[in-house]
Amino acid sequence: MNVKIRVPATIANLGPGFDVFGAALSLYNEFEAEYVTDAKETHFILNGEGKELLEKKDKNLVWQAMQKTFELLSEDKYNLKNLNITINTNIPLSRGLGSSASAIVGGICLANALCKNKLNRRQIADLAIKIEGHPDNVVPAVYGGLCICGKNEYGDTGILTQLPIPKLKVVLCIPFFELRTKYLREILPTTVSLDDAVFNISRVAILTTAFCCGDYALLRQAMQDKIHQPYRKKMIPAMDKVLEKTLSAGAYGAFLSGSGPTLAALCDKKNVVNIQKSMISTWKEENVFARSCILDFDSEGVLEI
């Protein structure tokens, strides 16, 4: 038996929506598992972005997610001795584009497919959140589109809303250095002032209005943030300068993708080239070298292909 899963990259926070907003993009990792009854050991085949950095066998995040799924489904047929696993990565690692979330969702869905798809999307998302710890990347990786997600009053996953998918392009500027999400969460304050909390609440309200009403002119103001970006930008050279130049070049809104260091801009098709050039050249002036890509929003989420 052979199964193959495709999972989209994701951008998270979208400015003020820390751990709440997330969106799926048209950039994908692919994961494949083959059941081999007479195999003596697992074969891991790693291809693409950062393949030399990925763990193999029981330390691999895809396998760990598969194992959690098998345990949940009380399935003991599959193990590291009878599966061949292939991972084709197109999502850059440690750049704030949901590479870990894709591995977790991909692993869950590989195991689920081998077990005849006993879990529905909501159950897949809930398990992914338990493994990842927060929902903003894994939820859009599962559902696609633009998502608002959170936990209920008991601390369980229980809130999920999908907003209209913006008819916009996403320009990513991806620097050639990595930042670990764990460290970038640790540098955030454990408390915030009332003024900063109110500021972000107002921006989240404006952001939601902009997407629901298609009033993208609101995004410039809506994507302002005082909860996480002011602290994380200390690790990202000239971040404010790049974002300001991006807006001047015609972007509706620009923000730090996830915990970074990738910066993202939302814009019309006619402005993508100018925005892309502006982001790369502004960073180059600061001796930060980056690559860029222009993507659409993904509307499907994880798929078996």
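The values are calculated or read from the model by the stated rules, or taken from the named source; none is laboratory data. It should be emphasised that the depicted structure is a prediction, and the values quoted were computed from it without experimental measurement. A quick note on method: Cβ atoms are made from the backbone with ideal geometry, for glycine too, and the neighbour counts reach across all protein chains shown.
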Of the residues in segment 125-151, those that are touching a Lys or Arg at 6+ places or on another chain (Cβ under 7 Å) and crowded, with 23+ Cβ neighbours inside 10 Å come to L127, V142, Y143
Within segment 165-200, the residues that are modelled with pLDDT of 90 or more and either crowded, with 19+ Cβ neighbours inside 10 Å or under 18 Å from the mean Cα position of the chain (by Cα) (or both) are I165, P166, L168, K169, V170, V171, L172, C173, I174, P175, N200
If we ask which residues in segment 76-111 are part of a loop (DSSP other than H, G, I, E, B) and touching a Ser or Thr at 6+ places or on another chain (Cβ under 8 Å), their number turns out to be 11
The residue from S74, S99 that alone is surrounded by fewer than 21 Cβ atoms within 10 Å (Cβ to Cβ) and small (G, A, S) is S74
Per the filter on segment 263-286, residues within 14 Å of K241 (Cα to Cα) and either among the aliphatic types (A, V, I, L, M) or in contact with a strand residue (DSSP E or B) (Cβ under 6 Å, 6 or more places away or on another chain) (or both) are L263, A264, A265, I275, M279, I280, W283
Of the residues in segment 272-298 that are at pLDDT 95 or above and in a loop (DSSP other than H, G, I, E, B), the one that is surrounded by the fewest Cβ atoms within 10 Å (Cβ to Cβ) is D296
Of (1) within 20 Å of S257 (Cβ to Cβ); (2) of a type outside the set (A, V, I, L, M, F, W, C); (3) out of contact with any strand residue (DSSP E or B) (no Cβ under 6 Å at 6 or more places or on another chain), T89 fails just (3)
Notebook entry, point to check: What do you reckon, is G214 over 15 Å from F18 (Cα atoms) and not assigned by TED's automatic domain parsing to the domain that holds R95?
Noted result: yes
Consider A265 carefully, then state whether it is more than 21 Å from N137 (Cα to Cα) and buried (at least 16 other Cβ atoms within 10 Å of the Cβ).
no
Per the list (1) part of a helix (DSSP H, G or I); (2) surrounded by 22 or more Cβ atoms within 10 Å (Cβ to Cβ), residue check on R122 breaks on (2)
(message) Can you say whether K51 is of a type in the set (K, R), more than 27 Å from L172 (Cβ to Cβ) and either in contact with a Pro (Cβ under 7 Å, 6 or more places away or on another chain) or touching a residue at least 12 places away in the same chain (Cβ under 8 Å) (or both), as far as the supplied structure shows?
(response) no
What about D19, is it among the charged types (D, E, K, R) and touching a residue at least 24 places away in the same chain (Cβ under 8 Å)?
-> yes
Within segment 238-257, residues in a loop (DSSP other than H, G, I, E, B) and farther than 19 Å from L97 by Cβ come out as A238, A249, G250, Y252
Checked pairs for segment 205-231, first polar (S, T, N, Q), second assigned to a helix (DSSP H, G or I), C-beta under 7 Å and 6 or more apart or across chains, list as T209/L218; Q221/I206; Q224/R203
